[in-house]
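The values are calculated or read from the model by the stated rules, or taken from the named source; none is laboratory data. Every value quoted in this text rests on a predicted model; they were computed, and no experiment measured them. We place every Cβ from the backbone using ideal geometry, glycine too, and count neighbours over all the protein chains shown.
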Amino acid sequence: MKNKFIKFLIILNGTLLPLILCFVLYQISKDFFKGNNDSYEQGVVLGEELEEAKKDSVALQGLRYYSPISLYNTENMYLPVSLLTYQEKKRLSKAAASANDFNEEFLKYVNVIFIDKNYKVIRSLVNKKASIKQIEEQRKTNGYNNPEPDLSIKYIAYMIAFEDSNQDGKLNSSDNHDLYLSDLSGGNLKKVTNNIEIQSFEFINSNSQIHIYYVDRDEVREEHKRTKMAIYNIEKGEFKELKSIEAELDKLEKIIIQ
């Protein structure tokens with residue numbers, strides 16, 4: 001009888017302990033992530049939240065940056081700059097304390113500083129509030145073991161948003177971002193795409209073009225959106241949709257669903 005009771009307690013503990021642990025983790029995560037305005041994802045605070053923070057004399061926003069990044073084919077370097085609000089900084093510190101392997105790479109950027117070989121500032125990429133969620137340099141196309149310089153490397157690509165498109169009071173990665181290009185000193189910033197949601201992009205054809213995967217920016221449910229392709233010719237500034245591929249995909253889809 002005693003052995004049966006002990007066995008029952010072991011089974012009970014084995015059943016309840018995981019449930020209790022799951023409940024505790026759920027409560028912690030719910031408190032941490034609750035509410036859109038309490039999201040730990042940083043962003044440039046706008047509108048009413050900004051005005052309220054000013055009234056409270058809160059240390060509203062702090063910039064974060066690390067080491068400058070070298071660029072190929074130039075002596076220039078660039079320094080991505082992130083931002084955290086006062087409340088987000090507190091939540092980030094709590095998250096870091098509870099996870100030894102916490103990585104701050106999820107932080108996105110609000111600007112990029114370009115500097116020369118003597119660490120003197122050339123310029124900042126933008127002169128207004130922005131969210132920059134991706135920075136992509138052109139890569140060598142003539143082989144990494146080739147000692148000859150690859151002169152095709154001239155540009156840096158960015159995904160940038162300047163407007164709070166979802167009206168949540170923050171300018172961050174949840175807003176609509178478009179593809180931009182600059183030269184290797186951060187100058188001549190040029191908008192490449194408009195009114196499309198870019199899934200991914202890559203430089204192709206010796207860095208002369210950008211291959212873009214995207215979906216239309218509309219009200220269609222996400223699962224019903226068709227991924228499309230386009231080619232952007234950098235020197236000509238031409239955006240060309242690959243309509244023939246799209247038409248062929250339509251034909252294949254009809255075959256499958258018949």
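Things worth noting here:
- When the range 123-169 is filtered for residues that are polar (S, T, N, Q) and either modelled with pLDDT of 95 or more or on the phi < 0 side of the Ramachandran plot (or both), the ones remaining, listed by number, are S124, N127, S131, Q134, Q138, T141, N142, N145, N146, S152, S165, N166.
- Count of the range 156-183 residues, restricted to those that are surrounded by 20 or more Cβ atoms within 10 Å (Cβ to Cβ) and under 17 Å from I69 (Cα atoms), is 4.
- Top-ranked residue of the range 126-149 - restricted to ones that are buried (at least 18 other Cβ atoms within 10 Å of the Cβ) and assigned to a loop (DSSP other than H, G, I, E, B), ranked as nearest to the chain's Cα centre (by Cα): A130
- I204 surrounded by fewer than 16 Cβ atoms within 10 Å (Cβ to Cβ), β-branched (V, I, T), modelled with pLDDT of 95 or more and closer than 27 Å to S70 by Cβ: yes
- Considering residues of the range 184-201 that are closer than 25 Å to E75 by Cα and of a type outside the set (K, R) only, the residue surrounded by the fewest Cβ atoms within 10 Å (Cβ to Cβ): N188
- Test: residue in the range 219-229 that is basic (K, R), under 24 Å from the mean Cα position of the chain (by Cα), surrounded by 13 or more Cβ atoms within 10 Å (Cβ to Cβ) and within 30 Å of T141 (Cβ to Cβ): yes
- Conditions (1) free of Cβ contacts under 8 Å to residues at least 24 places away in the same chain; (2) more than 19 Å from S70 (Cβ to Cβ): number failed by N146: (2)
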